[in-house]
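First the structure, in the form of structure tokens, and then the observations on it.
The values are calculated or read from the model by the stated rules, or taken from the named source; none is laboratory data. Small disclaimer: the values here were computed from a predicted structure and weren't measured. We place every Cβ from the backbone using ideal geometry, glycine too, and count neighbours over all the protein chains shown. Protein only, heavy atoms only, side chains kept; ligands, DNA and RNA dropped before computing areas. Shrake-Rupley method; radii C 1.70, N 1.55, O 1.52, S 1.80 Å.
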Amino acid sequence: MADIWITYGIPFLIIFAQSLGLLVALLLFTAYILYADRKIFAAVQMRRGPNVVGPWGLLQSFADLTKFLFKEVIIPSSANKGVFLLAPIITATLALGTWAVVPFSDGWVIADINVGILYIVAFSSLGVYGIIMGGWASNSKYSFLGALRSAAQMVSYEVSMGFVIVCVLMTAGSLNLSDIVRAQSGEAGMFNWYWLIHFPVFVIFFISAIAETNRPPFDLPEAESELVAGYATEYSSTPFLLFFLGEFISISLMAAMVTILFLGGWLPPFDVVPFNLVPGVIWFVLKICFVFFVFAIVRAYVPRYRYDQLMRLGWKVFLPLSLAWVVVTASVLVAFDLAP
């Protein structure tokens with residue numbers, strides 16, 4: 001019995017504690033990037049934003065959480081109640097599950113698997129099912145149209161994102177996220193990161209990440225002026241909160257993916273004192289915050305696309321460019337014998 005406990009029990013408890021710690025950290029981080037998103041948007045519009053609840057409004061997100069928890073859950077009488085309630089749970093669970101393979105620093109990862117990038121692509125692709133289920137189960141034409149829009153949009157931009165990831169994988173020679181970060185280390189510091197040598201597809205990946213998470217200017221699935229609130233029209237209280245949580249967790253994940261694939265992950269910008277004295281996890285979080293700041297600025301400044309413009313950009317611009325860059329990357333690696 002003691003051997004079984006040592007073999008299975010202790011590792012399980014360690015993983016459980018790590019997962020619980022990561023979950024709490026993600027929820028706190030989400031609360032404050034939501035606060036930051038609102039403050040940045042307010043600053044662009046020359047207003048103050050949240051500033052009442054707590055010092056400088058820092059507790060506003062927790063006040064909103066309390067409000068959602070105590071509101072009544074309203075389910076339409078004609079809705080499929082089981083699927084209606086299951087959809088937001090699936091969306092939030094899949095969004096949180098993707099973080100299991102994200103390395104915050106060298107060795108700071110719950111599951112350091114060799115196919116980490118495939119794990120993230122698979123989980124993020126499954127997230128659309130929660131939205132489709134919610135739109136269909138609501139038995140509302142607005143919700144259903146919003147769900148169909150979301151499915152088409154996510155599939156369209158996942159294709160070009162996949163080709164961009166292939167370029168990075170060929171350059172790094174590994175599907176392990178930690179190995180991808182280590183492959184970007186070098187004396188040149190930040191100029192050795194993949195944002196420089198893969199700059200065209202870096203821009204494509206960044207814009208596709210915005211579209212993948214339904215962020216403005218690509219928030220067509222929940223366009224208020226056209227579809228009321230899209231797939232979330234009939235949702236309220238905690239189920240709506242879970243959809244909202246899944247969306248912001250996915251936004252944080254896309255910021256982390258940009259950081260890992262193109263911005264050197266936990267690596268310092270220059271491998272010299274005092275930069276290399278700062279812990280890697282601090283650099284990782286700072287880079288995520290920087291990428292999210294750019295996401296927020298784009299949301300505040302860029303007007304919403306029409307749906308035909310959105311699909312044209314994905315299929316007629318990003319897809320051919322990303323596919324061409326795969327060919328260029330492979331050709332250069334073979335011609336100069338640079339393949340790892």
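Mind listing the phi-derived Karplus ³J(HN,Hα) values for the stretch 183-188, rounded to whole Hz, using 6.51, -1.76 and 1.60 with θ = phi - 60°, and x for any glycine or proline?
5, 8, 6, x, 5, 6
Once phi is turned into ³J(HN,Hα) by the Karplus curve 6.51 cos²θ - 1.76 cosθ + 1.60 with θ = phi - 60°, what whole-Hz value does each residue of the stretch 155-171 show in order, with x for glycine and proline?
5, 4, 8, 5, 5, 5, 4, x, 5, 5, 4, 4, 4, 5, 5, 5, 6
Full extension from Ser331 to Leu28: what is 0.36 nm times the residue separation minus their Cα-Cα distance, to one decimal in nm?
Additional length available on full extension: 104.6 nm.
Hey, can you grab everything whose amide H is under 5 Å from the amide H of Ser236? Only 5+ residues off in sequence or another chain; H modelled, so Pro and N-termini drop out.
Residues meeting the amide H criterion: Ile74.
Given labels modelled 7 Å from the Cα in the Cβ direction, how far is it in nm from Asp106 to Asn51?
4.5
Determine the sum of side-chain charges near Ser124: Lys and Arg each +1, Asp and Glu each -1, restricted to other residues whose C-beta is under 13 angstrom from that of Ser124.
Working: positive: none; negative: Glu158, Glu212, Glu247.
Once positives and negatives cancel, what remains is -3.
By the scheme Lys and Arg +1, Asp and Glu -1, what is the net charge of all other residues having a beta-carbon under 9 Å from that of Ile75?
0
Under the classification rounded if a/c is under 1.5, otherwise prolate if a/b is larger than b/c and oblate if not, where does the stretch 226-283 fall, given a ≥ b ≥ c as square roots of the Cα gyration tensor eigenvalues?
Verdict is prolate for the stretch 226-283.
Between Asn114 and Asn139, take the C-beta separation as r, use R0 = 35 Å, and let me know the FRET efficiency to the nearest 0.05.
Efficiency, from the Cβ-Cβ distance: 0.20.
Evaluate E = 1/(1 + (r/R0)^6) for Ile74 and Phe270, where r is the Cβ-Cβ distance and R0 equals 56 Å; express this FRET efficiency to the nearest 0.05.
After rounding to 0.05, the efficiency reads 0.55.
For the stretch 230-246, in order, what is each residue's ³J(HN,Hα) by Karplus, 6.51 cos²θ - 1.76 cosθ + 1.60 with θ = phi - 60°, in whole Hz (x at glycine and Pro)?
Going residue by residue, I get x, 5, 9, 4, 8, 9, 8, 6, 4, x, 5, 4, 5, 4, 5, 5, x Hz, with x marking Gly and Pro.
May I ask you to derive the FRET efficiency for Val302 and Phe199 from their Cβ-Cβ distance with R0 = 22 Å, giving the value to the nearest 0.05?
0.65
Let me check against my output: what whole-number percent is the relative contact order of the chain, with C-alpha pairs under 8 Å and at least 6 apart?
Numbers: 483 pairs, mean separation 77.4, N = 340.
That works out to 23 percent.
Would you mind telling me which residue in Ile15, Ile120, Ile33 has the biggest mean-square fluctuation in a Gaussian network model of the chain, where springs connect alpha carbons within a distance under 10 angstrom?
Evaluated over the chain, the most mobile residue of the options is Ile15.
In Å², what does the accessible area per residue of the chain work out to with a 1.4 Å probe?
49
Taking the Cα of Ala339, stepping 7 Å toward and past its beta carbon, and measuring to each backbone N in the stretch 161-180: which are under 19 Å?
Within reach of a label on Ala339: 163-176, 180.
Once you list every other residue whose beta carbon is under 15 Å from the beta carbon of Pro55, what net charge do they have if Lys and Arg are +1 and Asp and Glu are -1?
+2
Quick query: amide H of Gly265 versus all other amide H atoms, modeled in the peptide plane; which residues come in under 5 Å with a sequence gap of 5 or more or a different chain?
Ile260
Given contacts defined as C-alpha pairs under 8 Å and at least six residues apart, what's the relative contact order of the stretch 229-331, whole-number percent?
This gives 20 percent for the stretch 229-331.
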